[in-house]
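Comments concern the structure below.
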Amino acid sequence: MSKIVLEVEGLRTSFFTRKGIVKAVDGVSFFVREKETLGIVGESGCGKTVTGMSIMRLLPEPGGKIVGGRITLNGTSLLELSKREMRNIRGCMVSMILQDPMTSLNPVYTIGDQIAESVRMHQNLADEKMITNEVVSSLRLLQIPSPETLLKNYPFQLSGGMRQRVVGAIAMCCKPSLLIADEPTTALDATIQAQYIALFKDIQAKTDVAIIFITHDFGVIADMCHRVAVMYAGKIVESASTSEIFKKPQHPYTRALINSVPRLDRKDDRLYSIEGQPPSLMHLPPGCRFCERCSDSLEICSKEEPPEKNIGNNHTVSCWRVQ
Amino acid sequence: MIRFILVRFLQTVLALLGVITLVFLLVRLSGDPALMMMTSGSMEEDLVRIRQQLGLDKPQIVQYGIYLKGLVTGNLGESFRNNRPVAELISEALPNSLRLAVSSFIASMIIALLLGVLAATKRDTIFDNGVKMLAVLGQAMPDFWVGIMVILIFSVHWQIFPASGTDSPKHYVLPVAVLTFYILPGIMRIIRSSMLDVLDSEYIKLARIKGVPEKLVIWKHALRNALIAPLTTAGLILAGLIAGVVVIEYVFTMPGLGSLSLEGMALRDFPVVQGVVLVLSSAVLVINFLVEVLYAVIDPQIRYQYT
Ligand SMILES: Nc1ncnc2c1ncn2[C@@H]1O[C@H](COP(=O)(O)OP(=O)(O)OP(=O)(O)O)[C@@H](O)[C@H]1O
Ligand SMILES: [Mg+2]
């Protein structure tokens, strides 16, 4: 087995607001290996982005704070680093792609400048020519046609799909060991989305980068990820390999999510959606967080939180129904 | 870029022509100067004679032609009051006003930039609230009142700075300070709110993700974008500046365009008022042109519109 790049243990991140404490991430653990893609999937507001931003240590200030847990990247404990040390790691050992390609690039600087800035900061390159070479090779890695001319363009001169590739080039230009992709394809249309996913598989094969792929779409998971962690209201409720989770989903929430993916082979083409709302992260119920929306709940579910069980094959699940 | 500048330049010239015509018409709408120059003993013949002297008896269109011809040759006419060439009066007054306006503009820009940006980055802290208070004070207190207070404190009570005149740089300290304080809040607020918008954007997040140090995130990635919105309102700031200059010159009894135009208006001294208004509006047009060019320098999207 290849080595573990990132290990997150019991991560807890809260927002301290005037109205109260929002427990956005509440004891989350997972790991990612080299060359591996871990999918984090869940509904809007369940804490996926906050998990990613916690790893980057870029929570909105004031208010956002990591209140517990450990994050270990290539053997370095990130939460113990100084701000400066963390900055040197950001964009270099770990980088991130944001959701919206239309607004992720700075409108007043050229593509070349924006990639070169990263290269200059993180790599000790002697002259401008070497820096330009690095920039061009990162654009090539993202399969961007005629990179030498694109360098001089401004973001507004590119299409959405092309911009998202440039964002990918910025993320990959310093050869990170971990890439966090936060719904990178949601804003793109279906064909471009498929291209982008194929592109990242190719990049992973070339660079061995470990990827955390954040999405709310189980359909994308099947294409892209080796393993999956299903997140609900700040917790991971189930995790397993992709094939295992599609074959034997255990948690009622996971099953509901899988059912909500539109499929061509199903007779009725009604879109299944989960009824109800997730609980407020400010006032969490004492028992299982999914209890209120669960059609299968027991008496204990509303009273006590279910413990995490390993049912073999590295398949873990937190549900009272699972023995 | 060159095409952009050319287009804007032509537009500026056209606007200038419009202003020249408008000034001619408006001044003539404001009443008959010959009547103003009458004294109680004057006769009907005097009125006719004065009108003749001033060229007011000729048809409007001829007057307009004479006016245009004068402008081209730098002849703005003569003051009704003391028969001195208006061009001469203006060239005496202009440097004082320019010194006052330019130094207050630069001072307020620098202060607004620093305070506005820092207030945005330290949102809702004591610093931010302090800056907000300062802005409210600056906008709530009329400039003439601040001017008088400042004279009372620094010229009468402590006698650190002179209260009037233009003889030395020291004479400019108080008026520049008051004028700066007067135009500062507007610019500062726009910069602060524009900076807040930009700091919230995805590309600022991306800059941080890249590992860019916070200082550069703010002064390189954010500021250049945050300047685009305030530039569009530069015209308003300028209008405030010109109004401010007129009042401040009056309060500090500084000879300048302000006092020249106030006297001219009080006495219906056509040519003088006309001359001052022409100078002021051309100044606004020229500055607007410069702002547009600056706009294109900052924002590539505007630069590329015209290529
Ligand atoms: N700045 C903030 N202040 C207070 N609460 C916040 C803040 N940012 C996020 N949250 C809370 O944290 C929770 C998790 O947000 P997060 O952005 O991680 O959701 P997500 O899973 O990424 O959702 P989406 O699919 O919509 O991107 C949300 O319920 C939100 O209310
Ligand atoms: Mg999100």
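Of note:
- Of the criteria (1) in a helix (DSSP H, G or I); (2) over 30 Å from residue B:276 (Cβ atoms); (3) within 13 Å of chain A (Cβ to nearest Cβ), which one residue B:231 fails: (2)
- Candidate set: region A:42-56, residues that are within 10 Å of the chain's Cα centre (by Cα) and within 6 Å of ligand 1 (Cβ to nearest atom); chosen: the one farthest from the other protein chains (Cβ to nearest Cβ): A:48
To keep it simple, each residue is scored yes or no on (1) acidic (Asp, Glu); (2) away from chain B (no Cβ under 14 Å); (3) in contact (Cβ under 8 Å) with a residue 12 or more places away in the chain; (4) on the phi > 0 side of the Ramachandran plot.
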{"residue": "A:140", "(1), (2), (3), (4)": "no, yes, no, no"}
{"residue": "A:146", "(1), (2), (3), (4)": "no, yes, no, yes"}
{"residue": "A:159", "(1), (2), (3), (4)": "no, yes, no, no"}
{"residue": "A:163", "(1), (2), (3), (4)": "no, no, yes, no"}
{"residue": "A:166", "(1), (2), (3), (4)": "no, no, yes, no"}
{"residue": "A:169", "(1), (2), (3), (4)": "no, no, yes, no"}
{"residue": "A:178", "(1), (2), (3), (4)": "no, no, yes, no"}
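- Matching residues in region A:93-108 - criterion: being within 8 Å of another protein chain (Cβ to nearest Cβ) and over 25 Å from residue A:5 (Cβ atoms): A:100, A:103, A:105, A:106, A:107, A:108
- Among the residues of region B:255-307, those identified as within 14 Å of chain A (Cβ to nearest Cβ), assigned to a helix (DSSP H, G or I) and modelled with pLDDT under 85 are B:302, B:303, B:304, B:305.
- Whichever residue in region B:184-227 is charged (D, E, K, R) and away from every other protein chain (no Cβ under 13 Å) and, among such residues, is surrounded by the fewest Cβ atoms within 10 Å (Cβ to Cβ): B:189
- The helices (runs of 4 or more DSSP H) found wholly in region A:81-185 and carrying at least 3 residues that are crowded, with 22+ Cβ neighbours inside 10 Å and in contact with a strand residue (DSSP E or B) (Cβ under 9 Å, 6 or more places away or on another chain) occupy A:160-172.
- Answer from A:190, A:222, A:210 - the residue that is modelled with pLDDT of 95 or more, more than 16 Å from ligand 2 (Cβ to nearest atom) and over 26 Å from residue A:305 (Cβ atoms): A:210
- Residues that are away from ligand 2 (no atom under 16 Å from the Cβ), surrounded by 16 or more Cβ atoms within 10 Å (Cβ to Cβ) and among the β-branched types (Val, Ile, Thr) within region A:19-69 comprise A:32, A:37, A:66, listed in sequence order.
- Some residue of region B:199-217 being outside any helix (DSSP H, G or I), modelled with pLDDT under 90 and touching a helix residue (DSSP H, G or I) at 6+ places or on another chain (Cβ under 6 Å): no
- Residues of region A:98-151 satisfying the condition of being at pLDDT 90 or above and within 16 Å of ligand 2 (Cβ to nearest atom): A:98, A:103, A:104
- Cβ-Cβ contacts under 8 Å between residues 6 or more apart (or on different chains), taken from a first residue in region A:257-281 that is in the same structural domain as residue A:217 (by TED's automatic domain parsing) to a second residue that is of a type in the set (Val, Ile, Thr) and at pLDDT 80 or above, are listed as A:257/A:41; A:257/A:230; A:258/A:245; A:281/A:22.
- Count of region B:89-134 residues which are crowded, with 16+ Cβ neighbours inside 10 Å, free of Cβ contacts under 8 Å to residues at least 60 places away in the same chain and under 20 Å from the mean Cα position of the chain (by Cα): 0
- Filter pass, residue A:124 being at positive phi, more than 9 Å from chain B (Cβ to nearest Cβ) and not acidic (Asp, Glu): no
- Yes/no for residue A:131 being closer than 30 Å to residue A:278 by Cβ and more than 9 Å from chain B (Cβ to nearest Cβ): no
- The helices (runs of 4 or more DSSP H) falling completely within region B:66-173 that include 1 or more residues that are modelled with pLDDT of 90 or more map to B:86-121, B:126-140.
So that you can scan it fast, the table gives a plain yes or no per residue for (1) surrounded by 19 or more Cβ atoms within 10 Å (Cβ to Cβ); (2) over 26 Å from residue A:161 (Cβ atoms):
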{"residue": "A:202", "(1), (2)": "no, no"}
{"residue": "A:235", "(1), (2)": "yes, yes"}
{"residue": "A:278", "(1), (2)": "yes, yes"}
{"residue": "A:304", "(1), (2)": "no, yes"}
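- The residues listed here are A:19, A:65, A:35; of these, the one that is within 13 Å of ligand 1 (Cβ to nearest atom), outside any strand (DSSP E or B) and basic (Lys, Arg) is A:19.
- Checklist (1) modelled with pLDDT of 95 or more; (2) part of a helix (DSSP H, G or I) applied to residue A:228, failing item: (2)
- Count of region B:52-88 residues which are of a type in the set (S, T, N, Q), closer than 20 Å to residue B:22 by Cβ and in contact (Cβ under 8 Å) with a residue 60 or more places away in the chain: 0
The values are calculated or read from the model by the stated rules, or taken from the named source; none is laboratory data. What you see is a predicted model, and the numbers here were worked out from it, not measured in a lab. Don't worry about glycine lacking a Cβ; one is built from the backbone with ideal geometry, like all the others, and counts go over all protein chains shown.
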